[in-house]
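All of the numbers you see were taken from the coordinates with simple rules; none came from a lab. None of these values were measured; they are calculated from a predicted model. Cβ coordinates were reconstructed from backbone atoms using ideal geometry, including for glycine residues, and neighbour counts include every protein chain displayed.
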Amino acid sequence: MNDIFLRACRGEAVEYTPVWIMRQAGRYLPQYQKIREKVDFLTLCKTPELAAEVTVQPVDILGVDAAILFSDILIPVEAMGMRLRFYEKRGPVLSRPIRSLKSVKKLKPIKPEEDVPFVLKTIKILRRRLRRKVPLIGFAGAPFTLATYMIEGGTSKHFVYTKTMMFKTPDVFHSLMETVTDSTIRYLSAQIKAGVQAIQIFDSWAGVLSPDDYRLFSLPYVIRIVEELSSSGIPIIYFVNNCAGLLEEIKKVPSEVIGIDWRVDIADAIKRLGKDRVIQGNLDPTALFSDPATLREKVIGILRKAKKAKGHIFNLGHGILPQSSPEMAKRLVEMVHEFSSK
Ligand code: CP3
């Protein structure tokens, strides 16, 4: 198996910089769309053979150094008792959003083997199918990011309901965060038991918090998850979108790898996170809409700056956009491998 990704996570010296792409299985791939024509997104997530199939697609098509389980961060939220639907243009919608202590108390702690057996089955199929290929990354949303969906009822711009709860009734908010954190630990432990070889925690919305609020309302819960999972010995990547204002706080999370978005200079992030961290990132996803020569300059720039870190895993700074060209994504992977080879 190509284990360069796992070795890079641990900060070991590697022959070249490993690369994978957030949302690498998805709508920009015609092979994914072909499967999606037949089933809706949630059915795809819940059908292990199909979920495994789309997980492997980018490994075969792009040549990335890791696979990421095909699922969604909101799957465990549904398992906690909320009704989840996905709409083509609107994205995810959770009915009866959480706005009171009473609704927090109604959430049930997730029992992964009973509630999400399809996730565990997908992981088992994947470990077999990826045996001679690449490692498998499992994932979960960070509690704050999940809480925003649970409180807003879907995607949001200003997070008014979330912040109202945080500021007006912090006890209710913390109670929700405790509940989500407990379930996330169970969910990730089950993924590890089923066979994932690394974990990424997505804090996609933490960047809307001030550093003081991040320290109070997100950080302690992420630290608890990472600490509880550390005995498993598998590497953990903590990714925060819009991380630039928060790096001094993020540094307190004891994960092996920190994932950063593209709005911060990677050299600056390395300085602020310290020399004992492996960094993942951080190409602007829209760089794939440029031409190969421009892309090459951007890739070389990031690789050069990343040499100062303890280790580097190349990735986009956030998910690949549906309009991206698979050909350019493939070129990106080839460029990272070529220009980082020793
Ligand atoms: O990275 C991968 O390839 C693995 C699969 C994966 C998906 N979602 C598949 C997906 C992962 C890791 C996620 C995580 C996820 N889901 C996040 C965190 C990462 C991030 O982007 O910040 C978030 C915030 C969600 C919630 C979510 N799921 C939204 C807001 C949407 C709608 C927006 C959109 O892009 O359509 C989804 C749907 C979704 N999740 C799709 C995929 C492939 C598109 C569904 C489709 O096929 O129509």
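Restricting attention to helices (runs of 4 or more DSSP H) lying wholly within segment 25-82, give those where 3 or more residues are within 9 Å of the ligand (Cβ to nearest atom) and not aliphatic (A, V, I, L, M).
Details: elements: 30-36, 41-46, 48-62, 75-79.
Helices (runs of 4 or more DSSP H) meeting the threshold: 30-36.
Going by the conditions given, is Gly26 free of Cβ contacts under 8 Å to residues at least 40 places away in the same chain and of a type in the set (Gly, Ala, Ser)? Judged against the criteria, Gly26 is not a match. Of all residues in segment 15-24, those satisfying the criterion of being within 12 Å of the ligand (Cβ to nearest atom) and over 16 Å from Leu130 (Cβ atoms) are Ile21, Met22, Arg23.
For segment 261-273, a residue qualifies if it is in a loop (DSSP other than H, G, I, E, B), touching a residue at least 40 places away in the same chain (Cβ under 8 Å) and under 18 Å from Ile237 (Cβ atoms), and the qualifying residues are Asp261, Trp262. Filtered by the rule that a residue be charged (D, E, K, R) and in contact with a helix residue (DSSP H, G or I) (Cβ under 6 Å, 6 or more places away or on another chain), segment 101-123 gives Asp115, Lys121. Collect the residues in segment 283-322 that are touching a residue at least 60 places away in the same chain (Cβ under 8 Å), over 20 Å from the mean Cα position of the chain (by Cα) and assigned to a loop (DSSP other than H, G, I, E, B), keeping them in residue-number order. If the condition is that a residue be touching a residue at least 60 places away in the same chain (Cβ under 8 Å), over 20 Å from the mean Cα position of the chain (by Cα) and assigned to a loop (DSSP other than H, G, I, E, B), then Lys310 is the only one that fits.
In segment 297-318, which residue that is in contact with a helix residue (DSSP H, G or I) (Cβ under 7 Å, 6 or more places away or on another chain) and farther than 16 Å from Tyr16 by Cα is surrounded by the most Cβ atoms within 10 Å (Cβ to Cβ)? First the steps, then the outcome.
Keep residues of segment 297-318 that are in contact with a helix residue (DSSP H, G or I) (Cβ under 7 Å, 6 or more places away or on another chain), which gives 298-300, 302-303, 305-306, 308-309, 311-314, 316-318.
The next check asks that each one be farther than 16 Å from Tyr16 by Cα; those that pass are 298, 316-318.
Details: Lys298: 17, Leu316: 28, Gly317: 25, His318: 22.
If we take residues in segment 297-318 being in contact with a helix residue (DSSP H, G or I) (Cβ under 7 Å, 6 or more places away or on another chain) and farther than 16 Å from Tyr16 by Cα, then Leu316 is surrounded by the most Cβ atoms within 10 Å (Cβ to Cβ).
Restricting attention to segment 221-256, the residues that are within 16 Å of the ligand (Cβ to nearest atom) and polar (S, T, N, Q) total 2. Taking segment 211-263 only, how many residues are surrounded by 24 or more Cβ atoms within 10 Å (Cβ to Cβ), of a type in the set (Gly, Ala, Ser) and more than 14 Å from the chain's Cα centre (by Cα)? Adding up the residues that qualify gives 1. Hey, Tyr16 hits all of (1) in a loop (DSSP other than H, G, I, E, B); (2) crowded, with 22+ Cβ neighbours inside 10 Å but one; which does it fall short on? Here Tyr16 clears every test but (2).
Among the conditions (1) crowded, with 20+ Cβ neighbours inside 10 Å; (2) touching a Ser or Thr at 6+ places or on another chain (Cβ under 6 Å), Ile68 misses just one, which is (2).
Given the residues Ser175, Ser156, which is the only one that is farther than 18 Å from Phe139 by Cα and within 16 Å of the ligand (Cβ to nearest atom)? I'd like the intermediate steps shown before the answer.
Details: Ser175 fails: within 16 Å of the ligand (Cβ to nearest atom).
On inspection, the qualifying residue turns out to be Ser156.
Would you confirm whether any residue within segment 125-144 is more than 15 Å from the ligand (Cβ to nearest atom), more than 18 Å from the chain's Cα centre (by Cα) and free of Cβ contacts under 8 Å to residues at least 60 places away in the same chain? Looking through segment 125-144, at least one residue is more than 15 Å from the ligand (Cβ to nearest atom), more than 18 Å from the chain's Cα centre (by Cα) and free of Cβ contacts under 8 Å to residues at least 60 places away in the same chain.
Report yes if some residue within segment 33-50 is touching a Phe, Trp or Tyr at 6+ places or on another chain (Cβ under 9 Å), within 25 Å of Arg331 (Cα to Cα) and either surrounded by fewer than 22 Cβ atoms within 10 Å (Cβ to Cβ) or of a type in the set (D, E, K, R) (or both); otherwise report no.
Our first condition is that a residue be touching a Phe, Trp or Tyr at 6+ places or on another chain (Cβ under 9 Å); within segment 33-50, this holds for 40-42, 44-48, 50.
Right, trim to within 25 Å of Arg331 (Cα to Cα) and you get none.
No - not one qualifying residue is present in segment 33-50.
Among the residues of segment 239-258, those that are under 20 Å from Glu228 (Cβ atoms) and touching a strand residue (DSSP E or B) at 6+ places or on another chain (Cβ under 7 Å) comprise Phe239, Val240, Ile250, Val253, Ser255, Glu256, Val257, Ile258.
Residue by residue, here is whether (1) within 16 Å of the ligand (Cβ to nearest atom); (2) aliphatic (A, V, I, L, M) holds:
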site	(1), (2)
Ile270	no, yes
Leu283	yes, yes
Gly301	no, no
Ile313	yes, yes
Ser340	no, no
